[in-house]
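Working notes, structure below.
Nothing in this text is a laboratory measurement; each read-out follows from the coordinates by a stated rule. These numbers were taken from a predicted model, which means no experiment stands behind them. When we count neighbours, we look across all protein chains shown, and the Cβ atoms used for this are built from the backbone with ideal geometry, even at glycine.
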Amino acid sequence: MTDRISKMILESVELFGGVDEPGRYSLTEAKREPLSLFDVNSAGALVAKLKSQVKAPWVGDGSISRLGGDDDVSIYLIVSLDRKDEWGNGYLENSRYAKFSIGNDGTMKTIVESPRSKSTNPNRIKKMFRKTHAKDDGDVVKKINKWVSDNA
């Protein structure tokens, strides 16, 4: 029985990238060519494209993060489903909003989203944004616009 389990573990280790050091297994994903939607130089152009093409009542200025170094650039964009003059006391957090994180590998997710109310309140987020991957910058715009239209 233990030989069968050991064989299965070794096959899994080979499948997922090998052994880091003797006796220690690495089950990380096998190396593959990374997809890069943007880099340090083109991130500003993508932020400008998002700002102009996202069809929401209010779109923030967007910010570029290089915390992971020049090879791991991310864009953060805030989108509100309400006009700024409709925000309670002028606070973004009193609106229906989401803060999107867009990685240069195509990973898209929300890092903050206004709470969904369980009541029948018409002013609520109806459909949450699920973590996804974009193929290109047009796909990023399309996915954010879909979230906006699903919640309008």
### Message
Whether any residue in the stretch 79-96 is within 15 Å of the chain's Cα centre (by Cα) and free of Cβ contacts under 8 Å to residues at least 40 places away in the same chain is what I want to check.
### Response
no
### Task
Output yes when any residue across the stretch 49-63 is closer than 12 Å to I144 by Cβ, among the basic types (K, R) and assigned to a strand (DSSP E or B), and no when none is.
no
